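Let me begin by presenting the structure, written as structure tokens, before commenting on it.
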Amino acid sequence: MQQTRKYVRLLHTADLHMGSDVYAEEAVTGLNSILDLARTQKVDAVLVAGDLFDASRISTQVVEYTFDSFAKMQCPIVVLPGNHDTLLIELSKLPVQPPSNVHVLRGQSGEMVSFDTLGFSVWGKPVYDHTPEFKPLGEPFARPRDGWYIIVAHGLLAEGIATIGRSSLITRDELQRTDCDYIALGHVHRLWNVTTGGPPAFYSGAPSGTRQPTTVIVHLVPSTGVIVEPVKL
């Protein structure tokens with residue numbers, strides 16, 4: 001029998017694109033806004049659903065600033081590498097290692113990290129090959145016996161003719177049948193509720209590089225379930 005769940009508050013963000021060639025300063029502002037909000041809301045953890053960095057060629061200073069900012073947080077940060085995050089999956093290219101509170105999901109077939117004290121687990125499949133064959137929600141690990149279960153995925157919702165043949169697609173059927181409590185999505189730079197009869201599933205939008213920077217606070221409430229709170233930055 002599953003143990004009594006705890007109340008958990010998460011911040012779900014994605015697509016920060018630190019080191020962007022187009023909006024480098026704005027990306028730094030977006031990162032700071034996200035972490036300031038996380039502190040204000042006293043979240044239990046931060047989830048980054050892909051594209052923390054913009055490319056493998058970004059400066060060491062950008063990586064150091066990002067990781068130093070994360071290290072100052074008093075909570076765990078879970079990062080799923082997206083299609084831009086070659087730095088995070090090709091360790092030889094990473095000039096600075098992540099701080100101890102940052103958990104990068106690197107397992108090629110998917111990886112799960114559990115926070116037993118906080119009462120939740122997170123699974124994600126990093127984007128090693130951004131191709132039509134890659135399935136971001138393919139074969140998640142089984143739901144843990146205890147606590148909340150969050151799945152993080154970086155990909156595009158397969159919606160209409162325009163997405164046929166695109167890379168890293170996520171289908172409505174996959175969203176509906178995934179056995180978890182919340183699906184934290186990245187890759188689409190706008191806030192988008194794509195819940196499809198299964199667990200709540202949201203694109204958080206991006207904190208920079210868009211007309212309306214957004215994120216979401218996810219409340220995991222034992223008495224009522226999952227409450228998703230959109231936030232305009």
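The values are calculated or read from the model by the stated rules, or taken from the named source; none is laboratory data. As the structure is a computational prediction, the values presented were derived from the model and not from experiment. Cβ: placed from backbone, ideal geometry, glycine included. Neighbour counts: every protein chain shown. Only protein heavy atoms, including side chains, enter the accessible area calculation; ligands, DNA and RNA are left aside. Shrake-Rupley method; radii C 1.70, N 1.55, O 1.52, S 1.80 Å.
Anything in segment 93-127 that is under 21 Å from H12 (Cβ atoms), β-branched (V, I, T) and in contact (Cβ under 8 Å) with a residue 24 or more places away in the chain? List them, or say none.
The answer is V102, V104, V113, V122, V127.
Looking at P81 and the list (1) at pLDDT 95 or above; (2) open to solvent by 30 Å² or more (accessible area, probe 1.4 Å); (3) in a loop (DSSP other than H, G, I, E, B), which single condition is not satisfied?
(2)
Tally the residues that are in contact with a strand residue (DSSP E or B) (Cβ under 8 Å, 6 or more places away or on another chain) and either open to solvent by less than 40 Å² (accessible area, probe 1.4 Å) or closer than 20 Å to V78 by Cβ (or both), restricting the search to segment 15-32.
Looking only at segment 15-32, we keep the residues that are in contact with a strand residue (DSSP E or B) (Cβ under 8 Å, 6 or more places away or on another chain), and these are 15-19, 27-28, 31.
So of that shortlist, the ones also either open to solvent by less than 40 Å² (accessible area, probe 1.4 Å) or closer than 20 Å to V78 by Cβ (or both) come out as 15-19, 27, 31.
Qualifying residue count, segment 15-32: 7.
Counting just the residues of segment 119-132 that are out of contact with any helix residue (DSSP H, G or I) (no Cβ under 9 Å at 6 or more places or on another chain) and either outside any loop (DSSP other than H, G, I, E, B) or open to solvent by 50 Å² or more (accessible area, probe 1.4 Å) (or both), which one comes out farthest from Y65 (Cα to Cα)? Steps first, please.
Here is the first cut: in segment 119-132, the ones out of contact with any helix residue (DSSP H, G or I) (no Cβ under 9 Å at 6 or more places or on another chain) are 119-125, 129-132.
This time we only want the ones that are either outside any loop (DSSP other than H, G, I, E, B) or open to solvent by 50 Å² or more (accessible area, probe 1.4 Å) (or both), so: 120-124, 129-130, 132.
On the way: F120: 28, S121: 27, V122: 25, W123: 26, G124: 25, D129: 27, H130: 27, P132: 34 Å.
Looking at residues that are out of contact with any helix residue (DSSP H, G or I) (no Cβ under 9 Å at 6 or more places or on another chain) and either outside any loop (DSSP other than H, G, I, E, B) or open to solvent by 50 Å² or more (accessible area, probe 1.4 Å) (or both), I get P132.
Enumerate the strands (runs of 3 or more DSSP E) found wholly within segment 178-233, keeping only those where 3 or more residues are open to solvent by less than 20 Å² (accessible area, probe 1.4 Å), farther than 21 Å from P126 by Cβ and not aromatic (F, W, Y).
Numbers: elements: 182-186, 191-193, 201-204, 214-221, 225-232.
The strands (runs of 3 or more DSSP E) meeting that bar are 214-221.
How many of the residues in segment 1-29 are over 18 Å from P81 (Cα atoms) and either of a type in the set (D, E, K, R) or at pLDDT 95 or above (or both)? Before you say what the answer is, go through the steps one by one.
Residues of segment 1-29 over 18 Å from P81 (Cα atoms): 1-10, 21-26, 28-29.
Filter once more, keeping what is either of a type in the set (D, E, K, R) or at pLDDT 95 or above (or both): 5-10, 21-26, 28-29.
Selection size over segment 1-29: 14.
Go through I150, I183 for me and flag whichever is modelled with pLDDT of 95 or more, among the aliphatic types (A, V, I, L, M) and in contact with an Asp or Glu (Cβ under 8 Å, 6 or more places away or on another chain).
Working: I183 fails: in contact with an Asp or Glu (Cβ under 8 Å, 6 or more places away or on another chain).
Sole residue among the options that is modelled with pLDDT of 95 or more, among the aliphatic types (A, V, I, L, M) and in contact with an Asp or Glu (Cβ under 8 Å, 6 or more places away or on another chain): I150.
Looking at segment 48-74, which of its residues are open to solvent by less than 10 Å² (accessible area, probe 1.4 Å) and either under 19 Å from Y128 (Cα atoms) or in a loop (DSSP other than H, G, I, E, B) (or both)? Quick ask: steps written out before the conclusion?
Taking segment 48-74 and keeping what is open to solvent by less than 10 Å² (accessible area, probe 1.4 Å), we get 48-53, 63, 66-67, 70.
V48, A49, G50, D51, L52, F53, listed by residue number.
I'd like the residue in segment 133-151 that is under 23 Å from H219 (Cα atoms) and open to solvent by 20 Å² or more (accessible area, probe 1.4 Å) and, out of all such residues, is nearest to the chain's Cα centre (by Cα). Full working, then the answer.
So in segment 133-151, the residues under 23 Å from H219 (Cα atoms) come out as 137, 140-151.
Those left that are additionally open to solvent by 20 Å² or more (accessible area, probe 1.4 Å): 140-146.
Values: P140: 15, F141: 17, A142: 19, R143: 18, P144: 19, R145: 23, D146: 22 Å.
Restricting to residues being under 23 Å from H219 (Cα atoms) and open to solvent by 20 Å² or more (accessible area, probe 1.4 Å), the top hit is P140.
Given (1) on the phi > 0 side of the Ramachandran plot; (2) over 14 Å from the mean Cα position of the chain (by Cα), identify the lone condition not met by G50.
With (1) on the phi > 0 side of the Ramachandran plot; (2) over 14 Å from the mean Cα position of the chain (by Cα) applied to G50, the lone miss is (2).
Give segment 84-107 a look and list any residue that's open to solvent by 60 Å² or more (accessible area, probe 1.4 Å) and either of a type in the set (A, V, I, L, M, F, W, C) or in a helix (DSSP H, G or I) (or both), or say none.
L91, S92, K93
Mind counting the residues in segment 33-42 that are surrounded by fewer than 22 Cβ atoms within 10 Å (Cβ to Cβ) and within 20 Å of L118 (Cα to Cα)? First the steps, then the outcome.
Just the residues of segment 33-42 that are surrounded by fewer than 22 Cβ atoms within 10 Å (Cβ to Cβ), to begin with: 33, 35-37, 39-42.
Those still in the list that are within 20 Å of L118 (Cα to Cα) too: 35, 37, 39-42.
So the count comes out to 6.
Take E139 and decide whether it is assigned to a loop (DSSP other than H, G, I, E, B), out of contact with any Leu (no Cβ under 6 Å at 6 or more places or on another chain) and on the phi > 0 side of the Ramachandran plot.
Details: assigned to a loop (DSSP other than H, G, I, E, B): yes; out of contact with any Leu (no Cβ under 6 Å at 6 or more places or on another chain): yes; on the phi > 0 side of the Ramachandran plot: yes.
Yes, satisfied.
Given H130, H84, H154, which one is closer than 22 Å to S204 by Cα, more than 16 Å from the chain's Cα centre (by Cα) and in contact (Cβ under 8 Å) with a residue 40 or more places away in the chain? Spell out the reasoning first.
Numbers: H84 fails: more than 16 Å from the chain's Cα centre (by Cα); H154 fails: more than 16 Å from the chain's Cα centre (by Cα).
Among H130, H84, H154, only H130 is closer than 22 Å to S204 by Cα, more than 16 Å from the chain's Cα centre (by Cα) and in contact (Cβ under 8 Å) with a residue 40 or more places away in the chain.
Among S208, S168, which is in contact (Cβ under 8 Å) with a residue 60 or more places away in the chain, among the polar types (S, T, N, Q) and in contact with a strand residue (DSSP E or B) (Cβ under 7 Å, 6 or more places away or on another chain)?
Numbers: S208 fails: in contact with a strand residue (DSSP E or B) (Cβ under 7 Å, 6 or more places away or on another chain).
Only one candidate qualifies: S168.
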